[in-house]
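The values are calculated or read from the model by the stated rules, or taken from the named source; none is laboratory data. Computed from a prediction, not measured in an experiment: that's the story for all the values here. So basically every Cβ, Gly included, is an ideal-geometry build from the backbone, and we count neighbours across all protein chains shown. Protein only, heavy atoms only, side chains kept; ligands, DNA and RNA dropped before computing areas. Shrake-Rupley method; radii C 1.70, N 1.55, O 1.52, S 1.80 Å.
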Amino acid sequence: MSGTVGEESLKRKRSKTSVKANKRSKAEKNDSNDEDDPQAEILLLENAILESKKNYNNITTLLEIAQKNGDDDSTQLALVSLCRVFLRLLASGNMSRRDGQSEKDIVVVQWLKKRLGDYKQIILSAFEDEESASTALTLAMRILQAEGKYTNDKDESNFPKVFLREIVDALVRKGSEDIRQEFCEKFLAEYTDIRFYTFKVLKDILSADSDESSNEDLFNNVLDLLSFFEDVPDSAEDMSQFYVDAPKKKSDPVKSVNQHKKQAQEAWLALFALDPNREQRKTVLQIMTKSIAPWFTRPELLMDFLTDSYNAGGATSLLALSGVFYLIQERNLDYPSFYRKLYSLLDANILHSKHRSKFFRLLDTFLSSTHLPAVLVASFIKRITRLCLNAPPAAIVVVIPWVYNLFKKHPLCTFMMHRVSRTPEEKEILENEGMADPFIADEEDPMETRAIDSCLWEVVQLQSHYHPNVATIAKIISEQFTKQSYNIEDFLDHSYSSLLDAELSKQVKKPPVVEFMIPKRVFLPQDPASGTEDSLLAKLWDFQ
Amino acid sequence: MAGSQLKRLKASLKEKGVIGPQLSKKQKKRNAQDGKTSNNRRYQKAADLEGIREQFNPFDLKHNVRGPKFQVTTNRPATSNASKGRPTEAKSLGEERRRQTLLVELSRRHKVGGIVDRRFGENDPFMTPEEKMQERFVREKMSHKSSMFDLEDDDPSEGLTHLGKSLSFDGPDLVDDFEEDDISAESDAADDDEHRGSKRLRPSNDDFQDADHEEGQPERKKTKQEVMKEVIAKSKFYKAERQAAKDADEDLREELDMELPDLHDLLFNRKKAPSDKETNPAESAAAAKERMERDYDMRLRQLAQDRRAQPTDRSKTDEEKAQEESRKLRELEEKRLKRMRGEEISGDEVDQDAADIQPEDVPPNGPVLFRDNEEEDFGLGKGIKTRPTATELGFDDEDDFIIEDDLIASDSDLEPVESDASSNEEESDAEDDDEFTKGLLNEEETQNPVFNGQLTGTNISTDTKEDSNGLPYTFPCPETLDEFVQMTQTIPMEHLPTIVQRIRALYHPKLDSNNKAKLAKFVAILIQFLARSFEKLPPFSVLENLIRHIHSLAKSYPVETANEFRSQLEDFGRFRPLSPNLGDLVILSAIGTIFPTSDHFHQVTTPAGLLIARNLEKVPKKITDYAQGTYLSTLALQYQQVSKRYIPEVMNFCFNTLCALAPEKATKTLGYFPIHEPTPGTRISNAKSVAVRKLSPADCEQDEITDEDVISTKVAIVSTTIQLLDAAADLYGGKAAFFETFEPAKNILAHLASKPCRSKLPTTLIDQFTKLESKLDKMLSLAQVARRPLELHHHRPLPIKMAIPKFEDSFDPNKHYDPDRDRAELAKLKAEHKKERKGAMRELRKDANFMAREQLRMKKAKDAAYEKKYKRLVAEIQGEEGREANTYEREKQARKRAAKR
């Protein structure tokens, strides 16, 4: 097999280089005897192991050195050299049981395997350490590769799942952010098989740990790993990179996109089963439509999670909205009383929320259909304009053009801004009693609020908003509706600071008007003799 | 006319009289005697012949190929049926032109060098030789500037002269060169003057000049002689006359000079020696007169400008004054309303506005500043104080700082303000009243222009004098805030306004041109000082005075002030957007008074409003946050006191504050405003016995305070908020959604007055609640009754776009009726281009034809010449050869004959 031959030659080369390195280090040793003593010793030990079976005991010595916490350099070196040793041993088949081996040999093999196990433990424990984590990860993956390559006796590919599980477990539980990031970038992103088995392993880990109490970190860490993937592989061609040898069988699950998705889906589901708290839920919901849903072969499995989140209320509901919408759109999810729920989302905080623009994009989509009943649309209009009475200018600026667009789409609603009483009786009643707002603010069903019988007095009040631009925008409602529609996107991303910047960045060209009259008093109460009234500030505050 | 062509020709010739029977000698004689000159007859004959020739050549005219067309009725301009042009003529004309231009070029082609004929018109084929000659002559004439001795000059009357004297015998003729020399040296005005002078003098001095010279001119054209005489006379008396005029002017001027001081005294009520009366005797009288006139104009203008206005001003009665004030006020109010509605004020109006403001704080001429004006100004000050109408209107036109006298002898005017502004200053002021006046008089001296130069040079060294408070009278104008702070470090805070006032007086822009920039910088420094005032808070009376100073300076330096305020706001918005310090609060308050907050858009107040709203929107954490919010809400409402604009953030903040400070959490939702769950310990508890006080700015600062203080602050915040809601309800009374806006307020008040809360709040507060609640109840029910359904869209219906084509009354198919102007223009250009192109192509084709023809002709000529030469040569040779042949033949014959023989 060319692959093995190549490997062989590679090995040889590597050994040569290592020998060279040894020589060099030997030479160095000659030069500086005292300083490099431990390093030189390690290298000597390593060479001895490779030279003869008799020196296998050196492995234990090396392991001891590696376990010692004192000298960082020598620990590292020991780890590396051990890795080399085990790689050689694995490659030469010294660590696999074969037919016709003597009892003694078998004992040796078993002993070696135990040592390998010890070595793995050491490496995994090194994940905790910030400095050595990166090397440890590389070494672990090297061993993993070698194991996968040389221990498969039969034709069937034999991915060392157990070791991978150990690695991932260590990553998820102990590893730092950086090392996870490195793992994602170097291995998960590159190699199909690693990705596949990682999904599998993650699911195992999560389902095994579902009853454990301290799963907050675990959740976050797993989320880190899982959310790394934004794009789902489109076809088998995207997945041609393998870390361990590619499986020979065509039908191997590793090669199938669907199997991949299934594994990912199960991993995600296992993650959701951990019962995340609010913050975690929000993070998940934020990446829901982009990174999570595409992995799901059966997105309806997301339904439970999403409906739970949607019912949670507050910002979580807002974020879940896009996921629910995805399901409705893509999976034909039948969400009973969707609009009712949507209507209930319009509470006092929505226009102050930082997810406001996101919500408005969705709301615009939901209400874009011209087939919606005018009564329902009117309820939304009335509710949101009512909210505008207590909203920041950035929100009002979005709402008004949006309302304009709705009026354009649902001309029946325009009665809300222009209602002429026709009969004289009506007029008389109006004269005598005025008009009570027929809108029922507390009604939860948008079909029953009677908003369509109401009027938009709120918008009229906003026409005298303190911010000139807001006031001007509010005036579009009482002007002729000649424009086809406003592009909501133009109004979405405003805030106090952006409005303020817009004002302050302009240069003062025209000399500004200065109040003509200089008041006698600013802070203090006016002279009673002068007859002028105190300002509000002077009345309410005590500046003495 | 029948007959052959020849017969017809004969007939017509006979008819014209070109040919005819021989005339007898008698007849010929008669004809000659008739006056018919032969020349005339010859022309006549030529014309006749031309006519006949034309008539008999049918090919000269272009005709329709198939004969004349039938007559049709059309509105196109009828084309003549018969002929359309003269092809032969045109052709020959073109040919001729080509021969003159193209052929010349052709023959000159490939030829280098040679003599270029630059004589005028030599290459112009369209000029007859006569024209050429004429033109050349004209050029020749033009190139020579006619000199004095030019014999061919236009006016040949002078005749010959010798040494400037005429050689003619009849009269002392002189050449008129004096006119060039003398008069042109003088200005036109002087010239006129001289003429007038001479006119005046002539009757007495000039006896041989005819008296009616000036009047006679139109009737009779003067001869050259007379003109010359006149001119000579002028020149003769020129010198004497100039002398006389000068003398007269001098007398006059001296006289005026003597009178002028009296006049000045009379007019200006002031002793000031006219400085510009130093005359230069060497100056010409005319120039002096001119100067005099200019002076006079200047005086006149000055008089018209201010001083004459003064008496009328003074004579106005109080009512009139009040009326004027109120009119002005009304105008300003109208302008303000316009700005409030967001309408554009046109540029000239603004200019007008600026012009209105200008004269009142900057009197146009300097001297007025320095008159002694104690009594008068005192009266003026009193006038402001006592004028009832203006005060009623709450309008104080002459603000105490800006009026110019105030800067100098301001003790009278300012003192009352100072005294009741700062009570602690009062007694000290009273004590050193005399001292104060004296000091300021000294100051006045230093400000006199006489001392001005010295002052600007050494203003720091004059710093020695101090008043009883230890305040120096003069200060260097600070360039930076640090300088100002350093300068005022040693001086107690209460005297800051005095310092500012003295600096303003010292560096009044009228004293030095640089002062304007200095004061502009000074305003910025004052504003920065306000912003930094949180470090060491001066008493508010001082701050107030500073703000008033800034306000009055802002009138002169609006752009600088606005820019500084804006940069302060930017600072605030950038570095501590949600944690304002006291300085920011002071700045915001200052903006509220200095700039009109009612404008629809204003460069300073709009960002300020936004910043306030942004701070109100934040989630309050500490009690100080609530206090700051309350302050900002107060400010925000005060901003909208006139324009009554709605500020959602204020309502939100008030509601949220009440909910957060309420002793118990409300069980049901109170409205659609966002409620922020207060931090523990925010709610009021055990305040039953706490006295309700007013909030003070100190509450906005982060201070460790005791529990009782905290509770009293909380109670004060609640009480202030209730008052704010009260004010807001008054403000927004007429708003369309008043009901919706204030319904939550009612709910909250009900909640606060409910059992569980009531027990923990002081009774005065509860009283406030119930009072406001009942008021709101009333207002809400009123609002509901007043509410009408919206009828926003009573617009004129939009016209539907028409699709009927426009009908043209007098349609001409030749014309293009393109409604699109540009397109029509383009089409026209295109047509023109096409036509030109065709014409050019035709011309080029004809040129090529012509060239080919010419070249062929030349080739033929060359060939012919060659042939001729060839033939000549052959003939020559043949001749020669022939002769030889003949001799040969002859020889041969001879031999033959000899042989035969």
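Determine the per residue accessible area of region B:830-901 with all protein chains present and a 1.4 angstrom probe, expressed in square angstrom.
On the way: 6980 Å² over 72 residues.
That works out to 97 Å² per residue.
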Could you state how much accessible area B:Ser567 has, in square angstrom rounded to the nearest 10, with a 1.4 Å probe and all protein chains kept in place? 50 Å²
With a 1.4 Å probe and ligands and nucleic acids left out, the total accessible area lost when B pairs with A, in Å² to the nearest 100, equals 8500 Å²
With +1 on the Cβ of every Lys and Arg and -1 on the Cβ of every Asp and Glu, the dipole magnitude of region A:465-534 about its Cα centre, in debye rounded to the nearest 20, is 300 debye
Whose amide H sits under 5 Å from the amide H of B:Glu791, counting only residues 5 or more places off or on another chain, with H placed in the peptide plane? A:Arg419
Residue separation times 0.36 nm, minus the C-alpha to C-alpha distance between B:Ala47 and B:Ile800: what's the value? 263.9 nm
Could you tell me the distance between the Cα centroids of region B:689-750 and region B:513-572, to the nearest Å? 31 Å
Quote to one decimal, in nm, the extra length available between B:Ala240 and B:Asp820 on full extension: 0.36 nm per residue of separation minus the C-alpha distance between them. 201.2 nm
Output row, site B:His793, 7 Å Cα→C-beta label point, backbone N cut-off 14 Å, window region A:459-488, residues A:476-485
Cα-only Debye scattering, region B:556-694: base-10 log of I(q)/I(0) at q = 0.20 Å⁻¹: -1.19
Buried on assembly, region B:764-808 (at least 30 Å² less accessible surface than by itself, 1.4 Å probe): B:Gln784, B:Val785, B:Arg787, B:Arg788, B:Pro789, B:Leu790, B:Glu791, B:Leu792, B:His793, B:His795, B:Leu798
Which residues, if any, in region B:656-687 lose at least 40 square angstrom of accessible heavy-atom surface (probe 1.4 Å) when the other protein chains sit next to their chain rather than the chain being alone? B:Tyr672, B:Pro674
Taking the chain alone as reference and the full protein assembly as comparison, with a 1.4 Å probe on protein heavy atoms only, the residues of region A:501-516 that lose at least 10 Å² of accessible area are A:Asp501, A:Glu503, A:Leu504, A:Lys506, A:Val508, A:Lys510, A:Pro511, A:Pro512, A:Val513, A:Val514, A:Glu515, A:Phe516
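Mind scanning A:Lys408/B:Lys801; A:Lys520/B:Lys714; A:Lys358/A:Lys506 and naming the pairs with a C-alpha gap bigger than 23 Å?
The pairs that break the limit, which is 23 Å between Cα atoms, are A:Lys520/B:Lys714; A:Lys358/A:Lys506.
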Between the DSSP loop rule and a limit of at most 12 other Cβ atoms within 10 Å, which GluC sites (Glu not before Pro) in region B:483-565 are left? B:Glu535
Rounded to the nearest 0.05, what FRET efficiency do B:Ser107 and B:Gln5 have when you use their Cβ-Cβ distance and R0 = 51 Å? 0.80
About its Cα centre, how strong a charge dipole does region B:666-747 have in debye, to the nearest 20, once Lys and Arg get +1 and Asp and Glu get -1 at the Cβ? 420 debye
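With every protein chain kept in place and ligands, DNA and RNA left out, what is the accessible area per residue of region A:459-544? Probe 1.4 Å, answer in Å².
On the way: 4110 Å² over 86 residues.
Heavy-atom accessible area per residue stands at 48 Å².
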Taking amide H positions as placed in the peptide plane 1.01 Å from N, state which residues far from B:Arg693 in sequence (5 or more) or on other chains have amide H under 5 Å from it. B:Ala716
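Could you work out how much longer the chain between B:Glu483 and B:Met298 gets when fully extended? Use 0.36 nm per residue separation minus the Cα distance between them, nm to one decimal. Kindly include the intermediate steps, with their values, before the conclusion.
Details: separation 185, 0.36 × 185 = 66.60 nm, distance 4.41 nm.
So the extension gain works out to 62.2 nm.
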